[in-house]
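Notes follow the structure.
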Amino acid sequence: MKTDVEELTPTRVKLTVEVPFDELKPNLDKAYKEIAKQVRIKGFRPGKAPAPLIDRYVGRGAVLQEAVNDALPELYGRAVRESELFVLGQPEVEITALDDGKEMTFTAEVDIRPKFEVPDYDGIEVTVDEAKVTDEEVEETLDNLRERFGSLTAADRPAQEGDFVSIDMSAAVDGEPVEDASTTGYSYQVGSRTSVEGLDDALVGMSAGDSKTFTSTLVGGEKAGQEAEITVTVQSVKVKSLPEADDEFAQLASEFDTIEELRQDLRKRLMRTKRMQQLGQARDKALEALMEQIDIPLPERVVEDEIKRRNEQLEQQLQWSGQTKEAYLEREGKTAEELDEEIAEAARRAVKGGFILDQLAHQEELGVENEELSEYVVAQAMQMGVQPQQLAQHLTDSGQIPALVGEVLRTKALNLLVEHVKITDEAGNELDVEALQREINGETAESEEGAAESKAEDKAEGKAEAETEDKAEEKTDEGEAKGSES
């Protein structure tokens, strides 16, 4: 097989592949067998008709077409590998010559990753936010925890911001009811702005039994985007009472005996989160700094695909949050044109960053071990809330494993990059990546965790194991019951 590569642009090539007919023999044999199973020729059982008879009754052209279609994917893949190209997307293939018994020629136009070298990245300097946990942040986190254990009680007054209401809603467009926009017994927090526009304003001041009609734009269902008359009826108004932040609450909500111990644990957790943010900032800024040093052309089709993906993702997010695009633009203070340009620029930078990480992985000869791939799948499965085996099977069946390997390689390349940069926070402190990672993993807190475990064991001393477990289950059930009321 002979392959010629013509560079159409720095990001697109045309392969011309000449294939000796002998290389098609396995595909021809397979084609004859497949066609023989489908035709009925007198005197021969299905699948047993000889090739000359198939040529006579079906036609040699049909056999050649079947054989060529079967051979093309493997032939194209070989041509790409032998030419050492990093192709992007699907090729445009054309059979230009098919001389039966002698030779087949086809062309394939396809986008490729531009050829370039990643320059020396030692010495890149980046600045990240200072990791500092304030008392206000600790108290806010503690309040969020108290929210989970709060209880709802009926309020004999009109609804206010922050109240929880049970409501019935119905909608009509041009006087016709919209079935998929109606609901009953819907629990909603006034002021959360998570439903149709105008609902929160309508609810303020309404009491149990009150009804009100207002106009809004539907964001989902068959009538999405249309203006509707929405009627809301309040069934009940409730307020949430939070438990006191004291030792009793600490024992209810955690393994700690005192509220101060709980606050200290929350502070450590917040610090780990800020360390993770620092590491994330360091990765992003290191890649940004490297991107500034490299100027490469980008395949327009790849950029267009990325823009399309980002627009679809935004539309899904708006639909899930119950917002219209117009309301989103108004909230962000942007025009549609400004948003389009912002998405397009983000897409271009994402494509460029991906190319740079791919090339960095290639230059540094990075690879992916099976264990690393498994860890990545497990992490993704946890985020998606599915079983790792289920996700792995889906990725295998849908042919997404190569893309997954690419994602892991890019992650490894980015980690390698950040290990070579100088990271300083805004306070002037130089940060060590390995030390950051250890703190994020909780390795620096082993002694404190060991002390907490020892205290828990002392606390349980003298009690039967079954009794201790029962008490823990009762507390958990109580917390879940109270949390579910919210």
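The values are calculated or read from the model by the stated rules, or taken from the named source; none is laboratory data. Source: prediction; values computed, not measured. When we count neighbours, we look across all protein chains shown, and the Cβ atoms used for this are built from the backbone with ideal geometry, even at glycine.
Of D200, D210, which residue is among the charged types (D, E, K, R) and crowded, with 18+ Cβ neighbours inside 10 Å?
Working: D210 fails: crowded, with 18+ Cβ neighbours inside 10 Å.
Selected residue: D200, the only one of D200, D210 that is among the charged types (D, E, K, R) and crowded, with 18+ Cβ neighbours inside 10 Å.
Taking the conditions exactly as written (surrounded by 15 or more Cβ atoms within 10 Å (Cβ to Cβ), over 30 Å from D120 (Cα atoms) and either β-branched (V, I, T) or not assigned by TED's automatic domain parsing to the domain that holds L416 (or both)), does V368 satisfy them or not?
On the way: surrounded by 15 or more Cβ atoms within 10 Å (Cβ to Cβ): yes; over 30 Å from D120 (Cα atoms): no; either β-branched (V, I, T) or not assigned by TED's automatic domain parsing to the domain that holds L416 (or both): yes.
Answer is no for this residue.
Of everything in the range 343-380, what is among the charged types (D, E, K, R) and under 27 Å from K115 (Cα atoms)? Give them in sequence order. First the steps, then the outcome.
Here is the first cut: in the range 343-380, the ones among the charged types (D, E, K, R) are 345, 348-349, 352, 358, 364-365, 369, 371-372, 375.
E345, R348, R349, K352, D358, E364, E365, E369, listed by residue number.
Condition test on E407, is it at pLDDT 90 or above, surrounded by fewer than 13 Cβ atoms within 10 Å (Cβ to Cβ) and either under 24 Å from D284 (Cβ atoms) or charged (D, E, K, R) (or both)?
On the way: at pLDDT 90 or above: yes; surrounded by fewer than 13 Cβ atoms within 10 Å (Cβ to Cβ): no; either under 24 Å from D284 (Cβ atoms) or charged (D, E, K, R) (or both): yes.
No.
From the list R56, R60, R113, exactly one residue is out of contact with any Gly (no Cβ under 8 Å at 6 or more places or on another chain), modelled with pLDDT of 90 or more and basic (K, R). Which is it?
On the way: R56 fails: modelled with pLDDT of 90 or more; R60 fails: modelled with pLDDT of 90 or more.
Selected residue: R113, the only one of R56, R60, R113 that is out of contact with any Gly (no Cβ under 8 Å at 6 or more places or on another chain), modelled with pLDDT of 90 or more and basic (K, R).
I'm trying to understand the selection: among the residues of the range 275-332, which are outside any helix (DSSP H, G or I), polar (S, T, N, Q) and surrounded by 14 or more Cβ atoms within 10 Å (Cβ to Cβ)?
Applying the first criterion (outside any helix (DSSP H, G or I)) to the range 275-332 yields 293-299, 322-324.
Right, trim to polar (S, T, N, Q) and you get 293, 323-324.
Answer for the range 275-332, where residues must be outside any helix (DSSP H, G or I), polar (S, T, N, Q) and surrounded by 14 or more Cβ atoms within 10 Å (Cβ to Cβ): Q323, T324.
Considering only residues that are of a type in the set (A, V, I, L, M) and modelled with pLDDT under 95, look in the range 94-109 and name the one that is surrounded by the fewest Cβ atoms within 10 Å (Cβ to Cβ). Lay out the reasoning, then the answer.
Going through the range 94-109, the residues of a type in the set (A, V, I, L, M) turn out to be 95, 97-98, 104, 108.
Retained after the next criterion (residues that are modelled with pLDDT under 95): 95, 97-98, 104.
Numbers: I95: 14, A97: 12, L98: 17, M104: 24.
By that ranking, first place goes to A97.
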| remark: Going through the range 227-253 in order, the residues found to be under 17 Å from A154 (Cα atoms) and not polar (S, T, N, Q) are V234, V237, K238, V239, K240, L242, P243
| field | Positions within the range 82-126 being farther than 16 Å from P10 by Cβ and in contact with a Pro (Cβ under 7 Å, 6 or more places away or on another chain), in sequence order | value | E103, A108
| said: Condition check: of a type in the set (A, V, I, L, M), surrounded by 15 or more Cβ atoms within 10 Å (Cβ to Cβ) and touching a strand residue (DSSP E or B) at 6+ places or on another chain (Cβ under 7 Å). Does A347 satisfy that? | reply: no
| query | Can you tell me how many residues in the range 4-56 are in contact (Cβ under 8 Å) with a residue 24 or more places away in the chain, part of a loop (DSSP other than H, G, I, E, B) and of a type outside the set (V, I, T)? | reply | 1
| Within the range 351-360, can one find any residue that is assigned to a helix (DSSP H, G or I), among the charged types (D, E, K, R), surrounded by 15 or more Cβ atoms within 10 Å (Cβ to Cβ) and at negative phi? | yes
| field | In the range 157-200, the residues that are touching a residue at least 40 places away in the same chain (Cβ under 8 Å), under 20 Å from K240 (Cα atoms) and of a type in the set (D, E, K, R) | value | R157, E161, D163
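Please find, within the range 182-231, the residue that is farthest from the chain's Cα centre (by Cα) out of those that are within 24 Å of K325 (Cα to Cα) and of a type in the set (F, W, Y).
Residues of the range 182-231 within 24 Å of K325 (Cα to Cα): 182-183, 188-203, 213-231.
Those left that are additionally of a type in the set (F, W, Y): 188, 214.
Numbers: Y188: 28, F214: 37 Å.
Among them, the one singled out is F214.
Criterion first (under 25 Å from L287 (Cβ atoms), acidic (D, E) and free of Cβ contacts under 8 Å to residues at least 12 places away in the same chain) does E371 satisfy it?
On the way: under 25 Å from L287 (Cβ atoms): no; acidic (D, E): yes; free of Cβ contacts under 8 Å to residues at least 12 places away in the same chain: yes.
It is false that E371 is under 25 Å from L287 (Cβ atoms), acidic (D, E) and free of Cβ contacts under 8 Å to residues at least 12 places away in the same chain.
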| message | So, restricting to strands (runs of 3 or more DSSP E) that lie completely within the range 107-204, which ones have at least 2 residues that are touching a strand residue (DSSP E or B) at 6+ places or on another chain (Cβ under 9 Å) and within 26 Å of Q226 (Cβ to Cβ)? | response | 164-173, 183-189
| Any residue at all in the range 327-348 that is over 30 Å from T217 (Cβ atoms), out of contact with any His (no Cβ under 7 Å at 6 or more places or on another chain) and in the same structural domain as E292 (by TED's automatic domain parsing)? | yes
